[in-house]
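The values are calculated or read from the model by the stated rules, or taken from the named source; none is laboratory data. Here the structure is a predicted model, which means the values were calculated and not measured. We place every Cβ from the backbone using ideal geometry, glycine too, and count neighbours over all the protein chains shown.
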Amino acid sequence: MSPNLDGIRWQQDRKMENDRSENGIIEHKSYARVGLLGNPSDVYYGRAISFSLGNFWASVRLEPSEDLTIVPHPTHDLVQFNSLPHLVNRLQNDGYYGGVRLLMAICKIFYSYSKENDINLHDGKFKLSYDTNIPRQTGLSGSSAIVCAALSCLLDFYKVRHLIKVEVRPNLILNAEKELGIVAGLQDRVAQVYGGLIYMDFSKKHIEDLGHGLYRPMNIDLLPPLYLIYAENPSDSGKIHSTVRQRWLDGDKFIISSMEEVANTALEGLTALLEKDYTKLASLMNRNFDLRRQMFGNDALGALNIEMVEVARRVGAASKFTGSGGAVVVFCPDGPSQAKLLEDACEKAGFVFQPVKVMPSFLNEVDIETLSSKLKQTI
Ligand SMILES: Nc1ncnc2c1ncn2[C@@H]1O[C@H](COP(=O)(O)OP(=O)(O)O)[C@@H](O)[C@H]1O
Ligand SMILES: O=C(O)[C@H]1O[C@H](OP(=O)(O)O)[C@H](O)[C@@H](O)[C@@H]1O
Ligand SMILES: [Mg+2]
């Protein structure tokens with residue numbers, strides 16, 4: 001685009017923003033996330049390093065209104081079908097639910113939290129709608145992106161951003177999903193609330209003393225170029241019930257020690273990133289996935305998911321799941337030529353291959369003020 005056209009586009013964007021703010025309309029985006037090291041130990045008092053992924057996002061729009069309305073999305077909350085096979089096909093691919101229940105759940109959790117903490121909410125009402133381009137069931141945290149963007153809208157509509165600390169917000173997002181029976185941990189929600197690259201420590205002591213983990217934003221320039229692989233229709237992958245959580249609760253020694261080792265990949269990864277020791281980063285990423293595979297087993301992970309990891313490893317790259325499966329994050333130690341080999345291999349295998357775009361932190365001044373002073377600084 002020419003500089004002149006850029007200028008016109010910029011003015012149009014500003015005009016639209018002004019029009020929206022005059023009408024009291026609030027819009028927030030929340031991005032997908034990549035668990036780079038340590039996941040899923042976040043669910044087990046472990047540690048993680050994750051970042052906000054600019055390639056995909058969800059957006060939520062809040063418009064002041066006479067009634068309180070949650071607007072179904074025209075495609076994600078489809079209730080009108082061409083035929084019975086269309087309905088069945090849709091349920092088989094995407095399940096029964098869209099985002100409406102997520103918006104309702106965060107409204108409930110936000111209200112309860114405000115009440116319990118003597119945060120006064122005005123009587124205004126609103127219409128809440130959403131959109132998302134985060135591929136579903138790919139372990140890129142599409143559900144919490146919708147919840148996170150909605151929470152941000154509520155914070156601004158009720159003007160309580162300064163009263164609900166940044167560290168607490170991931171818990172609210174997680175609680176909204178727990179309310180719906182969605183099994184999840186805090187890692188994703190932390191990355192989505194903070195943006196950028198974050199080191200997280202979920203040690204039992206922190207969780208019990210503070211009610212949340214310790215979260216340290218890191219400079220995104222510490223990251224080498226990374227790539228993302230995902231499957232557009234991730235079939236049955238990762239859906240087989242896993243017994244890992246029960247085994248951990250039952251004190252299974254192998255699961256407990258393996259989870260500690262997974263958590264250590266994040267601790268060692270912190271030093272490796274700070275020193276830009278990318279050889280070490282590659283070995284930690286591989287180790288992280290290998291430990292997951294030993295704990296969960298091939299059936300629970302799914303053949304397609306394992307193939308996504310293997311396709312990268314066959315060209316000598318390091319790879320692991322971004323979340324619980326469906327997408328893989330890759331580091332190519334040999335640089336662009338290796339990435340090209342991988343791109344070709346992905347095309348042959350029918351996987352989508354994309355360079356990763358890391359989103360910088362999007363905390364504003366009001367958000368940062370809610371943080372305790374030693375957690376304000378980026379490491
Ligand atoms: N793209 C989407 N559009 C609408 N709702 C979604 C979308 N992705 C997830 N959800 C909602 O979140 C719930 C959990 O989604 P999940 O499969 O865990 O996705 P993810 O791993 O991407 O977070 C779904 O049952 C649905 O209610
Ligand atoms: O297993 C994991 O790595 C993560 O799984 C969940 O994320 P999802 O995007 O649904 O795959 C969970 O919410 C995270 O806390 C785990 O680390
Ligand atoms: Mg989810």
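A few notes on this one:
- Residue tally, condition farther than 30 Å from LYS348 by Cα and aromatic (Phe, Trp, Tyr), over the stretch 178-231: 4
- Within the stretch 135-149, considering residues that are closer than 21 Å to GLU27 by Cα and of a type in the set (Gly, Ala, Ser), the one farthest from ligand 2 (Cβ to nearest atom): ALA149
- So PHE289, is it closer than 19 Å to SER141 by Cα, part of a helix (DSSP H, G or I) and more than 16 Å from ligand 1 (Cβ to nearest atom): yes
- Close contacts from the stretch 143-157, counting a first residue that is more than 13 Å from GLU63 (Cα to Cα) and touching a residue at least 40 places away in the same chain (Cβ under 8 Å) and a second that is aromatic (Phe, Trp, Tyr) and in a helix (DSSP H, G or I), with Cβ to Cβ under 7 Å and a gap of 6+ residues or different chains, come to LEU151/PHE110.
- Residue count for the stretch 77-131, restricted to those that are of a type in the set (D, E, K, R), at pLDDT 95 or above and within 16 Å of ligand 3 (Cβ to nearest atom): 1.
- Restricted to the stretch 108-139, and to residues there that are among the acidic types (Asp, Glu) and more than 16 Å from ligand 1 (Cβ to nearest atom), the residue that is farthest from the chain's Cα centre (by Cα) is ASP123.
- Residue match in the stretch 126-133 (condition: surrounded by fewer than 16 Cβ atoms within 10 Å (Cβ to Cβ), closer than 29 Å to VAL190 by Cβ, within 16 Å of ligand 2 (Cβ to nearest atom) and not acidic (Asp, Glu)): yes
- Test: residue in the stretch 306-322 that is within 16 Å of ligand 2 (Cβ to nearest atom), at pLDDT below 95, small (Gly, Ala, Ser) and out of contact with any Phe, Trp or Tyr (no Cβ under 6 Å at 6 or more places or on another chain): no
- For the stretch 132-164, taking the residues that are of a type in the set (A, V, I, L, M) and within 12 Å of ligand 3 (Cβ to nearest atom), the one that is farthest from HIS206 (Cα to Cα) is identified as ILE134.
- Filter result (touching a Ser or Thr at 6+ places or on another chain (Cβ under 9 Å) and under 20 Å from VAL147 (Cα atoms)) within the stretch 105-131: LEU121, LYS125, PHE126, LYS127, LEU128, SER129, TYR130, ASP131
- Count - residues of the stretch 105-126 that are among the aromatic types (Phe, Trp, Tyr) and not in a helix (DSSP H, G or I): 1
- The set of residues in the stretch 43-84 that are among the aliphatic types (A, V, I, L, M) and either assigned to a loop (DSSP other than H, G, I, E, B) or surrounded by fewer than 19 Cβ atoms within 10 Å (Cβ to Cβ) (or both) comprises LEU68, ILE70, VAL71, LEU78, VAL79, LEU84.
- The residues of the stretch 98-123 that are without any contact (Cβ under 8 Å) to a residue 40 or more places away in the chain and closer than 23 Å to GLY326 by Cβ, listed by number, are GLY98, VAL100.
- Residue match in the stretch 56-68 (condition: over 18 Å from the mean Cα position of the chain (by Cα), of a type outside the set (Asp, Glu), more than 24 Å from HIS162 (Cα to Cα) and within 16 Å of ligand 2 (Cβ to nearest atom)): no
- Meets criteria (crowded, with 22+ Cβ neighbours inside 10 Å, away from ligand 1 (no atom under 16 Å from the Cβ) and among the hydroxyl-bearing types (Ser, Thr, Tyr)) for SER319: yes
- Within the stretch 165-212, considering residues that are among the polar types (S, T, N, Q), surrounded by fewer than 24 Cβ atoms within 10 Å (Cβ to Cβ) and outside any loop (DSSP other than H, G, I, E, B), the one nearest to ligand 3 (Cβ to nearest atom): ASN175
- The residue of the stretch 304-329 that is farthest from ligand 3 (Cβ to nearest atom), among those that are farther than 15 Å from ALA48 by Cα and touching an Asp or Glu at 6+ places or on another chain (Cβ under 9 Å), is GLY316.
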